[in-house]
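Taking it in order: structure first as structure tokens, then the write-up.
Please treat every number below as a calculation from the coordinates, not as lab data. Since the structure is predicted, the reported quantities are computational estimates derived from the model, not experimental observations. Here Cβ is always computed from backbone atoms with ideal geometry, including for glycine, and neighbour counts include all displayed protein chains.
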Amino acid sequence: MNQNAKKPLLMLMTSMFIFGTIGIFRKQIPFSSGMLAFSRGVIGTVFLLLLIKVRRRHFSPIGAKTVLWLAASGVAMGFNWILLFEAYRYTTVSVATLCYYMEPAFVTLASALLLKEKLTVKSGVCTVTALAGMLLVSGVTRGAAFSSGEYRGVLMGLGAAVLYSTVVLMNKKAAGVDAYEKCIIQLSAAAVIMIPYLLLTEDISAITFSPGSILCLLLLGIVHTGIAYALYFGSMDGLKAQTIAIFSYIDPVVALILSALLLAERMSMLQMGGAVLILGSAVLSELQKKSA
């Protein structure tokens, strides 16, 4: 490997490892998903702004229309976090994570239906394979998820995947914008939209903070958002797009391993087969996109 690519690759792998621990971390935090999403947006925004200031980078001018697209994608990102955090509450980290990684299949379908992009045979097969894997992971084929109430987690995980697909598609309208600036706009928009959501859904006066809970929020905002995004975006200039896409699947692999080791979560043989289908089809889809 090129010596110059080793540092960006290490940054990318570190960011993916951090993202892979979010589900484990969420299981230990007593706050609502809305509060977690708000904290993540606010603290992540402040961290990235400080990082830009320390590096003495200057903001480039961005058109009003592009800012609106980014703000809208930030709103989708905020609700995407809520659904994902709720999925972690209602089902296992492994199942929620695999539901979330249906995003490539949803992007493929949406691109074909909404953007009129050509659906190749390979991408179609990958999408169908991922959907088949999702049926196995969810437990629908044996009635387990729906009889246990786990279906809520499955549906929320899939909803989070749909919203993240929306973010991906919206980002196509903001091509050429600096990655850090794009992220700051999205994170701040996610934080702002969480304010009315929290006021409508929670009794703010009843929320209590302890040193431990404040530390958890700071870790979620600084480590899992600010540092992770900084490493992720900082790796992009030194790596090929295909490398970034493939190594991004460190995230779900780490989540699956840690959920088994730390939370003693177990997957059936059918669910493990579904996991292979989902992650395998996603990786093959990325490979075929770059070779097309």
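Ordering SER111, SER33, SER210 from the fewest to the most neighbouring beta carbons within 10 Å gives SER210, SER111, SER33.
Legend: ranking of residues HIS224, HIS58 from fewest to most surrounding C-beta atoms inside 10 Å; resulting order HIS58, HIS224. Packing here is the average count of other Cβ atoms within 10 Å per residue, and on that basis the peptides 20-27, 260-267, highest first, run 20-27, 260-267. Net charge in the neighbourhood of LEU9 (other residues with Cβ under 14 Å of its Cβ; Lys, Arg +1, Asp, Glu -1) is +2.
Just checking the listed ones, LEU113, LEU198, LEU155: in the Gaussian network model of the chain with Cα springs under 10 Å, the one fluctuating most is LEU113. Going from the residue with the fewest nearby Cβ atoms within 10 Å to the one with the most, MET269, MET236, MET77 rank MET269, MET236, MET77. Classify segment 173-266 as rounded, prolate or oblate from the Cα gyration tensor: take a ≥ b ≥ c as the square roots of its eigenvalues, call it rounded if a/c is under 1.5, otherwise prolate when a/b beats b/c and oblate if not. Cα axes put segment 173-266 in the oblate bin.
Our coupling estimate for segment 191-203, obtained by passing each phi through the Karplus curve with A = 6.51, B = -1.76, C = 1.60 and θ = phi - 60°, is 5, 4, 5, 6, 4, x, 4, 5, 5, 7, 10, 9, 8 Hz, Gly and Pro reported as x. For a straight C-alpha distance cut-off of 19 angstrom, the aspartates and glutamates reachable from LYS118 (same-chain residues fewer than eight places away being disregarded) are GLU103, GLU286. Considering only LEU84, LEU48, LEU158, the Gaussian network model of the chain with Cα springs below 10 Å gives its largest mean-square fluctuation to LEU48. Summing Lys and Arg as +1 and Asp and Glu as -1 over all other residues whose Cβ lies under 15 Å from the Cβ of PHE59 gives a net charge of +3. When you restrict to C-alpha pairs under 8 Å that are six or more residues apart and normalise by the size of the chain, the relative contact order lands at 43 percent.
Using just the helices of the chain, give the 222 nm mean residue ellipticity in deg cm²/dmol: DSSP H runs with n ≥ 4 each add -39,500 (n - 2.57), and the total is spread over all residues, rounded to 500.
Helix-only estimate at 222 nm: -24500 deg cm²/dmol.
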